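Reviewing the structure listed below.
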Amino acid sequence: MNPGVVLDALRQAVGPAHVLTHEDAGTDLSRWERDWRGRVHGRALAVVQPQSTAEVAAVVKACAANGASLVPQGGNTGLVVGSVPDGSGQQVVLSTTRLNRVRELDAANRTLTVEAGCVLQTVQDVAREAGFLFPLSLAAQGSCTIGGNLATNAGGTQVLRYGNTRDLCLGLEVVSADGEVWHGLSGLRKDNTGYDLRHLMIGSEGTLGIITAATLKLFDAPAAQLTAWASVPSLLAAVDLLGLVQRRLGAGLTGFEVMGQFALSLVDKHFPQLRVPAWANTPYAVLLELSDTESAEHAQAQLEQLLGQAIEAGCASDAIVASNLGQAQGFWHVRESISMAQAEEGLNIKHDISLPISRIPAFCAETDARLVHTFAGVRLVNFGHLGDGNLHYNVQAPEGVDPAVFLNTQETAVNGLVFEQVRAHGGSISAEHGIGSLKAHTLPEYKDPVALDWMRRIKSALDPQQRLNPGRVLTDTR
């Protein structure tokens with residue numbers, strides 16, 4: 001690869017102003033080269049910013065013709081180091097942030113077509129202004145992009161009712177590894193004409209193609225939303241509470257989050273202004289959300305009656321129903337601040353795992369005990385989307401131990417213990433964050449070998465030169 005030839009071809013594809021390099025005076029590429037957690041700082045040959053699908057295709061062709069690999073990047077909020085370049089200085093970062101147009105809102109079909117660089121919160125706002133709901137909701141929604149959400153099949157707090165990003169997408173536009181454009185922006189809910197390429201691309205983390213636009217599902221905005229905060233005596237009680245709420249509310253239950261006491265203590269410690277409710281007196285708290293199609297009064301009566309039954313049944317010890325929107329937002333702000341509070345406490349070993357809901361109490365009891373026994377003094381930050389079986393089961397260094405040293409010396413051993421427990425309980429080592437490069441070497445140990453072989457064959461067929469996000473998801477594509 002001749003770097004000068006590559007840069008000339010990129011400048012011709014998108015214009016010199018949109019090809020950024022380290023040699024440009026006053027240009028700092030660190031925002032594109034460092035992952036969100038600050039674990040990895042790579043070095044790019046260039047950051048290229050196309051503004052149209054045609055320009056993306058031209059960039060891909062330029063890289064393919066000159067032997068350069070591409071790292072697609074949206075908001076760069078991922079947690080598995082899947083969207084930053086390696087340290088070679090030879091990879092091109094393709095930033096989708098200028099691909100940010102809303103192309104069409106079809107009210108009758110209840111679809112919204114947007115480009116990959118649209119920020120999630122913008123998509124939510126456009127839907128809301130038209131009287132609809134786009135339900136994907138993440139802590140990073142002010143900076144993450146739809147393309148990145150689709151590339152990682154992001155989850156969030158409303159998967160229980162609406163599903164992952166995969167379930168919210170009807171069509172895609174994708175640029176292939178050789179620069180061809182698949183025009184698949186269908187708003188059809190039924191199209192049984194062969195292999196579902198849309199689902200193949202969603203969750204592939206930019207390794208099979210570059211998503212440039214998507215047609216998304218819209219839903220009716222609820223007549224009312226109510227949020228409640230419940231103290232629960234154990235994880236088993238939280239599972240019992242989930243079952244009770246599902247039986248009583250059905251599809252009205254749109255969120256069910258669990259938060260361990262230590263996770264909440266970190267929020268209280270680092271963000272005391274958030275006033276975490278009653279965290280010191282309960283091992284776990286549950287945050288649940290009811291979306292009602294009738295009225296706020298109907299929702300209030302339903303939720304208060306339900307929580308009264310939960311307290312009588314012993315699966316909750318106390319509960320608070322948010323009395324206004326501000327209090328509800330405050331509850332959710334506490335939940336969404338756990339990750340930031342962890343970061344303030346120091347680097348930690350993160351696990352994004354999924355388990356059968358019935359197995360979660362036993363998994364946590366066993367794994368907590370094994371971790372504490374093996375790594376004396378570790379602190380467990382356990383929280384997540386209990387309603388869909390997804391836990392963020394994180395391990396914080398012991399008090400007084402340098403978090404960076406603990407991460408560097410113990411991560412492999414901690415991961416091995418946790419992942420073996422996940423396997424023993426029938427779970428997955430990645431629920432919603434993806435594989436990226438962080439788990440790529442681990443995946444073969446926990447993925448069905450036949451499935452892994454099929455994945456390698458697909459990668460080799462669609463990207464035979466290994467130009468798209470190499471080293472992510474799969475490390476050996478043969």
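The values are calculated or read from the model by the stated rules, or taken from the named source; none is laboratory data. These numbers were taken from a predicted model, which means no experiment stands behind them. Reconstructed Cβ throughout: ideal geometry from the backbone, glycine too, with neighbour counts over all protein chains shown.
Give the number of residues within the stretch 271-299 that are touching a residue at least 24 places away in the same chain (Cβ under 8 Å) and either buried (at least 17 other Cβ atoms within 10 Å of the Cβ) or farther than 25 Å from Ala223 by Cα (or both). The total comes to 19. Which residues, counting only those in the stretch 340-357, are surrounded by 14 or more Cβ atoms within 10 Å (Cβ to Cβ), over 20 Å from the mean Cα position of the chain (by Cα) and farther than 15 Å from Gly260 by Cβ? Within the stretch 340-357, just Gly346 meets the criteria.
For the stretch 369-384, what are the residues that are touching a strand residue (DSSP E or B) at 6+ places or on another chain (Cβ under 6 Å) and within 16 Å of Tyr284 (Cβ to Cβ)? If the condition is that a residue be touching a strand residue (DSSP E or B) at 6+ places or on another chain (Cβ under 6 Å) and within 16 Å of Tyr284 (Cβ to Cβ), then Arg379, Val381, Asn382, Phe383, Gly384 are the ones that fit. Return the total of residues in the stretch 396-438 being of a type in the set (Lys, Arg) and buried (at least 22 other Cβ atoms within 10 Å of the Cβ). The number of residues fulfilling the criteria is 0. For the stretch 261-270, a residue qualifies if it is of a type outside the set (A, V, I, L, M, F, W, C) and either buried (at least 24 other Cβ atoms within 10 Å of the Cβ) or without any contact (Cβ under 8 Å) to a residue 60 or more places away in the chain (or both), and the qualifying residues are Gln261, Ser265, Asp268. Against the numbered list (1) within 23 Å of the chain's Cα centre (by Cα); (2) in contact (Cβ under 8 Å) with a residue 40 or more places away in the chain, Arg379 comes up short only at (1).
Scanning the stretch 81-99 for residues that are surrounded by fewer than 23 Cβ atoms within 10 Å (Cβ to Cβ) and under 16 Å from Leu150 (Cβ atoms) turns up just one, Thr97.
Per this entry, Val276 is not counted among residues that are within 20 Å of Ala362 (Cβ to Cβ) and either over 24 Å from the mean Cα position of the chain (by Cα) or not assigned by TED's automatic domain parsing to the domain that holds Gly187 (or both).
Kindly indicate the residue of the stretch 264-284 that is of a type in the set (Gly, Ala, Ser) and more than 17 Å from Ala328 (Cβ to Cβ) and also modelled with the highest pLDDT among those meeting that condition.
Ser265
Could you please find all residues in the stretch 228-246 being among the aliphatic types (A, V, I, L, M) and outside any strand (DSSP E or B)? Leu235, Leu236, Ala237, Ala238, Val239, Leu241, Leu242, Leu244, Val245, listed by residue number. Looking across Gly377, Gly389, one residue alone is in contact with a helix residue (DSSP H, G or I) (Cβ under 7 Å, 6 or more places away or on another chain) and at positive phi. It is Gly389.
Within the stretch 1-40, which residues are among the basic types (Lys, Arg) and without any contact (Cβ under 8 Å) to a residue 24 or more places away in the chain?
Scanning the stretch 1-40 gives a single hit, Arg11.
Gly250 passes every criterion in (1) at pLDDT below 95; (2) in the same structural domain as Asn149 (by TED's automatic domain parsing) apart from (2).
Here Gly426 qualifies as assigned to a loop (DSSP other than H, G, I, E, B), over 22 Å from Asn149 (Cα atoms), touching a residue at least 60 places away in the same chain (Cβ under 8 Å) and touching a Lys or Arg at 6+ places or on another chain (Cβ under 7 Å).
Of the strands (runs of 3 or more DSSP E) lying entirely inside the stretch 252-362, the ones with 2 or more residues being within 30 Å of Phe375 (Cβ to Cβ) are found at 253-260, 284-292, 352-354.
If a residue counts only when it is surrounded by 23 or more Cβ atoms within 10 Å (Cβ to Cβ) and in contact with an Asp or Glu (Cβ under 8 Å, 6 or more places away or on another chain), which strands (runs of 3 or more DSSP E) contained entirely in the stretch 157-227 have at least 1 such residues?
The qualifying strands (runs of 3 or more DSSP E) are 210-217.
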